[in-house]
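Quick notes on the structure that follows.
The values are calculated or read from the model by the stated rules, or taken from the named source; none is laboratory data. Computed from a predicted model, the values in this text were never measured in an experiment. Note: ideal-geometry Cβ built from the backbone for every residue, glycine included; neighbour counts use all protein chains shown.
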Ligand SMILES: NC(=O)c1ccc[n+]([C@@H]2O[C@H](COP(=O)([O-])OP(=O)(O)OC[C@H]3O[C@@H](n4cnc5c(N)ncnc54)[C@H](O)[C@@H]3O)[C@@H](O)[C@H]2O)c1
Ligand SMILES: [Zn+2]
C-alpha cells in the first residue's frame with residue numbers, strides 16, 4: 001500500500017452517508033474530498049483554527065461562497081450563535097444545495113453542524129476537526145448540538161457530516177494540554193474495541209506525543225474505525241453505542257464537580273478510566289496486567305490535575321448522570337483490552353469507592 005494514500009472509512013450508511021478520510025496533507029487537497037450538491041461552500045472556522053482554515057480556503061478557491069467567523073468558546077455553543085451563523089449564510093445568498101465546511105474543535109463542529117442540520121431543514125456539511133478530541137470523537141458519529149442554560153448539549157440533532165477529513169497537520173498549532181487530553185479518547189477507543197491497535201499505540205506512545213505523523217495516523221485512524229463500527233451497530237445510542245462512554249460515568253461527574261474548566265473533558269475521562277479499571281478488575285475479570293498497561297499509557301499522557309474525590313460532592317453528580325437508566329448507572333467495564341461491556345448493576349457507592357482509591361501513577 002502506498003504510505004501516502006489516505007485511508008477511507010465509511011462512518012454510516014445511507015440515508016446519511018458519511019465518509020472519513022484519514023491522511024497527512026489532506027487539508028491542501030481538501031477540494032478533492034469535500035461534497036456539495038451545488039459545488040459551493042460556506043466556510044466556518046474560529047480564529048484558533050485559522051492555519052487549517054487558510055489551507056482549506058486556498059484549496060477551495062472560488063468555490064467558497066462566504067467565510068463565516070465563529071467564536072469557539074464553550075459558552076458560545078448556543079442557539080444565539082446558531083442564529084448568527086444562519087443569518088450570515090442567508091445574507092451570503094446560501095441555497096438548499098450549498099454545503100458548509102466546518103474547521104475547528106468539537107465546539108465548532110457541534111455548533112455549525114447543528115446550524116447545518118436546521119438551515120433549510122438540513123444542508124450538507126463537511127468537517128475538518130482540528131483537535132485530537134474532535135478527530136477521535138466529536139466530529140464522528142453524527143451528533144450535533146448546542147448547550148442550554150439548564151445543561152450541556154440539551155438541544156441537538158443527528159446530522160452526520162458528508163465528509164470528515166482527519167489530517168494530523170491540522171493539529172500543528174494545538175496546545176500540548178488539549179492535544180494530550182484528546183488523545184485519551186483515541187486510546188479509549190482502542191481499549192474498548194481494538195486490542196492490536198491498543199498494543200501498537202502503547203509501544204508508540206512517545207512517537208504519538210512527539211506528534212509523529214505515522215504514529216498519529218495509526219492511532220487516530222484506528223480510533224475512527226472503532227467509533228464508526230460501534231456507531232454503525234447503534235446509530236441513535238440506545239444500546240451498544242454506550243460502550244464509547246468508557247471512563248465517562250465517573251468522568252462526567254469529575255468534570256462537573258470540579259467546575260467545568262478545571263479538568264479538560266479528556267483529563268476527567270482519564271481519571272474515570274482509572275476508576276473503571278478498579279471496578280472492571282472486580283466485576284469483569286480484567287487481568288491485572290491489562291489494567292496496568294492501560295494505566296501506564298494514561299500516566300504517560302499526563303500527569304493530569306488531581307480530580308475531586310469527595311464522595312459527598314461526587315454522589316449528586318453521579319446520580320444526575322444522563323446515562324442512569326431505570327435499572328441503575330450504565331457503567332462501561334473492560335473485560336480485556338479490546339473488549340468492553342455495559343453493566344447496569346454497579347451501585348453509585350462502588351464508583352465513589354473507586355474514585356477514592358484510583359491512581360494514575
Ligand atoms: N458530537 C459529539 O459526539 C461530541 C463528542 C465529544 C465532544 N463533543 C463536544 O466537543 C466539545 C469539545 O471539543 P474539543 O475537545 O475539541 O474542544 P474545543 O473545541 O473547545 O477546542 C479546545 C481548544 O483548542 C482550541 N483549538 C482548536 N483547534 C485548534 C488548533 N488547530 N490550533 C490551536 N488551537 C485550537 C480551541 O480554540 C479551544 O481553546 C464540547 O462542546 C463537547 O460537548 C461532541
Ligand atoms: Zn468524551
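Things to note:
- Condition check for residue 44: part of a helix (DSSP H, G or I), at pLDDT 95 or above and crowded, with 17+ Cβ neighbours inside 10 Å: no
- Of the residues making up segment 159-168, one or more are within 11 Å of ligand 1 (Cβ to nearest atom), surrounded by fewer than 22 Cβ atoms within 10 Å (Cβ to Cβ) and in contact (Cβ under 8 Å) with a residue 12 or more places away in the chain.
- Helices (runs of 4 or more DSSP H) wholly inside segment 143-210 containing at least 1 residues that are within 16 Å of ligand 2 (Cβ to nearest atom) and farther than 29 Å from residue 36 by Cα: 176-193
- Considering 31, 69, 59, 24, the condition of being within 16 Å of ligand 1 (Cβ to nearest atom) and closer than 28 Å to residue 81 by Cα is satisfied by 69 alone.
- Residues that are within 15 Å of ligand 1 (Cβ to nearest atom) number at least 2 in the following helices (runs of 4 or more DSSP H) confined to segment 243-323: 248-257, 265-283.
- Test: residue in segment 89-98 that is within 24 Å of the chain's Cα centre (by Cα) and within 22 Å of residue 140 (Cα to Cα): no
- Per-region count, segment 109-130, residues in contact (Cβ under 8 Å) with a residue 24 or more places away in the chain and either out of contact with any strand residue (DSSP E or B) (no Cβ under 8 Å at 6 or more places or on another chain) or on the phi > 0 side of the Ramachandran plot (or both): 3
- Within segment 139-152, the set of residues being more than 13 Å from residue 20 (Cα to Cα) and either in contact with a helix residue (DSSP H, G or I) (Cβ under 7 Å, 6 or more places away or on another chain) or surrounded by 15 or more Cβ atoms within 10 Å (Cβ to Cβ) (or both) comprises 143, 144, 145, 146, 147, 152.
- Inter-residue pairs, beta-carbon under 7 Å, first over 14 Å from residue 111 (Cβ atoms) and in segment 83-95, second surrounded by fewer than 18 Cβ atoms within 10 Å (Cβ to Cβ), 6+ apart: 92/66; 95/38
- Residue selected from segment 231-261 under the condition without any contact (Cβ under 8 Å) to a residue 40 or more places away in the chain and buried (at least 20 other Cβ atoms within 10 Å of the Cβ), by the criterion farthest from ligand 2 (Cβ to nearest atom): 255
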